[in-house]
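Participant: Handing you a structure now.
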Amino acid sequence: MDYLNYLRKDKMPHIWCDGCGHGIVLKSILRTVDKLGWDKNEIALISGIGCSSRTPGYVDFNTLHTTHGRALSFATGIKISKPKMHTIVVSGDGDATAIGGNHFIHAARRNMDINLIIFNNNIYGMTGGQCSPTTPTGKFASTSQFGNPDSPFDISRLAEAAGASFVARSTAYHFAKTDKYIEMAFRKKGFCVVEVLSPCPTAYGRRNKSTGKVGHEMLKDQKENSVPIERARKMKPEELKDKYITGVFIDRDVPDYFEHYNEVKKRAKLK
Amino acid sequence: MSQPNPKIKMMQGNVACAEGAIAAGCRFFAGYPITPSSEIAETMSLKLPALDGNFIQMEDEIGAMGAVIGSSLVGVKSLTATSGPGFSLKQENIGFAAIAEIPVVIINVQRGGPSTGLPTKPAQGDVMQSRWGTHGDHPAIVLCPSSVEECYFMTIRAFNLSEEYRTPVIVLSDEIIGHLTEKITIPHHSDIDIINRLKPQSDPENYLPYENTETYIPAMANFGEGYRYHVTGLVHDETGFPTNDSKKIEEQLTRLYNKIEKNHDKIIDVSEYFCDDMDTLIIAYGAVARSAKQSMLKARQEGHKVGLLKLNTIWPFPEKQIVKLCQNIKRIIVPEMNFGQLAHEIEWATRRAIPIIKYNKINGEPITPLDIYNILINRK
């Protein structure tokens, strides 16, 4: 496939740093769109604020760059008023689970027919490396220079518990798996979340050398420390310390928002 | 089913706002429960599904504001409604709608503030917030109904203005008007003028979503119509993509300002009562305008030369309309359910050439006709 069919060439170069994983995730999204043969006019790509949220500016879809954390609420309005629009939201860990946490759990609760791709780099990259809801306890950031006192969210388990139809986690290193999970999400009705761990050498790696200082070291860390969920289920918590659990967390056939609301419309018309 | 034409009904102000929205073509509502505006959401939840429209109760006020912007962007006229605390939360995305130029209507049924304030009591404390609530320089159009019928027609007008000028429009109601039930005459839908957003004539390759046209209002393509463009809350150039070029920034922000500034005469709406022959002018809006009218009529019967200027739009501020009436008068009375938010603007507009008597009530009680009458008679 030719990526240039989907990119706004005149908007290059992009803002992402050397070694950032975001471009790898974007390519997975584009490969999947190409594979499914979706019409570009019928795709809305929506984001909030942050490094990952600059993605819409680079792609040739209907693109909407909203306020911090609010992308899912805008996407909800788009999807409800134009259900045939393929509605994809891209978000970072801070955008989706800190300032946008409420929209995230409620989009999952409603099982709104939206695909959410979270670029999780465990840090606020664009603002210079402050700790995020997924920065592990004890790790370093510009606002946790003596070690992060907070406990991190497990985004995939949060989405699963909140009611999403489909949830999977991959890493930038495992791009083939990312392709597969994004395809599963795009083919499925309801709220589908694909969390992709994306290295941020500039703001995270530099301060937390345990995961590698530069991009290729961080990718190697992902390769060596990822554990498929099937195997992880048989392991003890202490064995899973500093490991990345990847795979399909949930894939369930439950009614999405529209199945319920179409019933509401039927009942309203009988009155 | 054909209905008698026109329909005469008893209706509540909040319900009339919802009915007006539907008459204007609104088919999407997103909201969050809040007193005293909830009847608007309840009515929309009841009516929209049968019209193939959509109602959604969002997780919070911020999300409701985001959802209506998203819906409007795909071409469906969209409404949200709230009151003080919720209006504060919506400000972030009202700013987004302003800079991204997405037509939406926000109804704020004012209650006492600040903060949680007085949920069940009336106030007019959001006058300045409706103008400057979101950060940065931005355009604002704010309408103030003072009757149930005006709730209906001003909501229709709010949609028309939002579509015509590609901007968020606020209907600033209050607890008295929202919960007032009175007679309303609803015209047949064919007698209601509806304005829809200007669509692009150019092909998608040459479409400029933020073009600096002569009217200052660029044509708007809806998402999904083949015009794949970029919408952002960052300051952008005419293509819609972010820019740091100071010349382009100035060009776009000036256009955004001029879009409303150069169209004051078309947007501003006031009603004059007995203003041809007066020495005292009352300026009022919203529920207070009702009391002002009653007190004026009583004073007139007793031979006092009193006139009333009712502001149907408070922003943009009707400076010209006020100054015009100030040629031969001795005093202006400005009754407000706040500490004088609009009175300050009136002092500025008249350069304090005429004595202004402010009458302010902030205790959750309405301003009565007798309150204003007493000022008319007793204060010189």
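Participant: Does A:Gly125 satisfy the criteria of being over 30 Å from A:Lys84 (Cα atoms) and at pLDDT 95 or above?
Facilitator: Considered against the rule, which asks whether it is over 30 Å from A:Lys84 (Cα atoms) and at pLDDT 95 or above, A:Gly125 comes out as yes.
Participant: Take the stretch B:211-224 and flag every residue that is away from every other protein chain (no Cβ under 14 Å) and either charged (D, E, K, R) or crowded, with 19+ Cβ neighbours inside 10 Å (or both).
Facilitator: B:Glu211, B:Glu214, B:Tyr216, B:Ile217, B:Pro218
Participant: Which one of these is under 30 Å from A:Glu263 (Cβ atoms) and either modelled with pLDDT under 95 or open to solvent by 20 Å² or more (accessible area, probe 1.4 Å) (or both): B:Gly133, B:Gly75, B:Gly113, B:Gly66?
Facilitator: Within the list B:Gly133, B:Gly75, B:Gly113, B:Gly66, the selection yields B:Gly75.
Participant: Only residues that are open to solvent by less than 10 Å² (accessible area, probe 1.4 Å) and either within 23 Å of B:Val127 (Cα to Cα) or assigned to a helix (DSSP H, G or I) (or both): list them for the stretch B:171-205, please.
Facilitator: B:Val171, B:Leu172, B:Ser173, B:Asp174, B:Ile177, B:Gly178
Participant: While we're here: Answer with yes or no whether B:Arg166 is touching a residue at least 40 places away in the same chain (Cβ under 8 Å) and in the same structural domain as B:Thr80 (by TED's automatic domain parsing). Working first, answer last.
Facilitator: Numbers: touching a residue at least 40 places away in the same chain (Cβ under 8 Å): yes; in the same structural domain as B:Thr80 (by TED's automatic domain parsing): yes.
Yes.
Participant: If I ask for residues that are farther than 18 Å from B:Lys183 by Cα and surrounded by fewer than 21 Cβ atoms within 10 Å (Cβ to Cβ), which ones from the stretch B:1-22 would you list?
Facilitator: Correct list: B:Met1, B:Ser2.
Participant: What number of residues within the stretch A:72-85 satisfy the criterion of being open to solvent by 10 Å² or more (accessible area, probe 1.4 Å) and either in contact with a Lys or Arg (Cβ under 8 Å, 6 or more places away or on another chain) or among the β-branched types (Val, Ile, Thr) (or both)?
Facilitator: So the count comes out to 1.
Participant: Report those strands (runs of 3 or more DSSP E) wholly inside the stretch B:287-375 carrying at least 2 residues which are touching a residue at least 24 places away in the same chain (Cβ under 8 Å) and open to solvent by less than 10 Å² (accessible area, probe 1.4 Å).
Facilitator: B:306-311, B:313-315, B:331-336
Participant: Look at the stretch A:31-40 and say how many of its residues are more than 10 Å from chain B (Cβ to nearest Cβ) and part of a helix (DSSP H, G or I).
Facilitator: 6
Participant: Count, please, the residues in the stretch A:50-65 that happen to be in a loop (DSSP other than H, G, I, E, B) and at the interface with chain B (Cβ under 7 Å from one of its Cβ atoms).
Facilitator: Residues that pass the stated criteria total 2.
Participant: When you go through B:Ala123, B:Ala81, B:Ala140 one by one, which is the residue that is under 29 Å from B:Ser271 (Cα atoms), surrounded by fewer than 22 Cβ atoms within 10 Å (Cβ to Cβ) and not charged (D, E, K, R)?
Facilitator: On the way: B:Ala123 fails: surrounded by fewer than 22 Cβ atoms within 10 Å (Cβ to Cβ); B:Ala81 fails: surrounded by fewer than 22 Cβ atoms within 10 Å (Cβ to Cβ).
Answer to the selection: B:Ala140.
Participant: Please work out if B:Met128 is hydrophobic (A, V, I, L, M, F, W, C) and open to solvent by 10 Å² or more (accessible area, probe 1.4 Å).
Facilitator: When the stated conditions are applied, B:Met128 passes them.
Participant: If you check B:Thr232, B:Thr213, which single one turns out to be within 25 Å of the chain's Cα centre (by Cα) and either β-branched (Val, Ile, Thr) or in the same structural domain as B:Ala98 (by TED's automatic domain parsing) (or both)?
Facilitator: B:Thr232
Participant: Take the stretch B:225-238 and flag every residue that is in contact with a helix residue (DSSP H, G or I) (Cβ under 7 Å, 6 or more places away or on another chain), open to solvent by less than 40 Å² (accessible area, probe 1.4 Å) and in a loop (DSSP other than H, G, I, E, B).
Facilitator: If the condition is that a residue be in contact with a helix residue (DSSP H, G or I) (Cβ under 7 Å, 6 or more places away or on another chain), open to solvent by less than 40 Å² (accessible area, probe 1.4 Å) and in a loop (DSSP other than H, G, I, E, B), then B:Gly226, B:Tyr227, B:Gly233, B:Asp237 are the ones that fit.
Participant: Something else now. Of the residues A:Ile80, A:Ile118, which single one is within 27 Å of B:Ser72 (Cβ to Cβ) and either more than 13 Å from chain B (Cβ to nearest Cβ) or touching an Asp or Glu at 6+ places or on another chain (Cβ under 6 Å) (or both)? Lay out the reasoning, then the answer.
Facilitator: Values: A:Ile80 fails: either more than 13 Å from chain B (Cβ to nearest Cβ) or touching an Asp or Glu at 6+ places or on another chain (Cβ under 6 Å) (or both).
After ruling out the rest, the residue left standing is A:Ile118.
Participant: Inside the stretch A:221-235, can you point out the residues that are in contact (Cβ under 8 Å) with a residue 24 or more places away in the chain and open to solvent by 40 Å² or more (accessible area, probe 1.4 Å)?
Facilitator: A:Lys223
Condition check ((1) hydrophobic (A, V, I, L, M, F, W, C); (2) open to solvent by 10 Å² or more (accessible area, probe 1.4 Å); (3) more than 9 Å from chain B (Cβ to nearest Cβ)) across all residues:
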{"position": "A:Pro13", "(1), (2), (3)": "no, yes, yes"}
{"position": "A:Ile29", "(1), (2), (3)": "yes, no, yes"}
{"position": "A:Glu42", "(1), (2), (3)": "no, yes, no"}
{"position": "A:Leu45", "(1), (2), (3)": "yes, no, yes"}
{"position": "A:Gly48", "(1), (2), (3)": "no, no, yes"}
{"position": "A:Thr67", "(1), (2), (3)": "no, yes, no"}
{"position": "A:Arg70", "(1), (2), (3)": "no, yes, no"}
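Participant: Just the residues that are within 14 Å of another protein chain (Cβ to nearest Cβ) and crowded, with 16+ Cβ neighbours inside 10 Å, please, taken from the stretch B:243-252.
Facilitator: Listed by number, the list holds a single entry, B:Thr243.
Table: residues versus (1) touching a Leu at 6+ places or on another chain (Cβ under 6 Å); (2) more than 14 Å from chain B (Cβ to nearest Cβ); (3) surrounded by 13 or more Cβ atoms within 10 Å (Cβ to Cβ); (4) without any contact (Cβ under 8 Å) to a residue 40 or more places away in the chain.
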| site | (1), (2), (3), (4) |
| --- | --- |
| A:Pro237 | no, yes, no, yes |
| A:Thr246 | no, yes, yes, no |
| A:Phe249 | no, yes, yes, no |
| A:Arg252 | no, yes, yes, no |
| A:Glu263 | no, no, no, yes |
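Participant: Consider B:Lys259 against the criteria (1) open to solvent by less than 10 Å² (accessible area, probe 1.4 Å); (2) under 15 Å from B:Leu143 (Cα atoms): it satisfies all of them except one. Which criterion is unmet?
Facilitator: Tallying (1) open to solvent by less than 10 Å² (accessible area, probe 1.4 Å); (2) under 15 Å from B:Leu143 (Cα atoms), B:Lys259 fails exactly one: (2).
The values are calculated or read from the model by the stated rules, or taken from the named source; none is laboratory data. Small disclaimer: the values here were computed from a predicted structure and weren't measured. In this analysis, Cβ positions are derived from the backbone assuming ideal geometry, glycine residues included, and neighbour counts consider all displayed protein chains. Ligands, DNA and RNA are stripped out before the accessible areas are found, and what is left, the full protein with its side chains, is counted by its heavy atoms. Shrake-Rupley method; radii C 1.70, N 1.55, O 1.52, S 1.80 Å.
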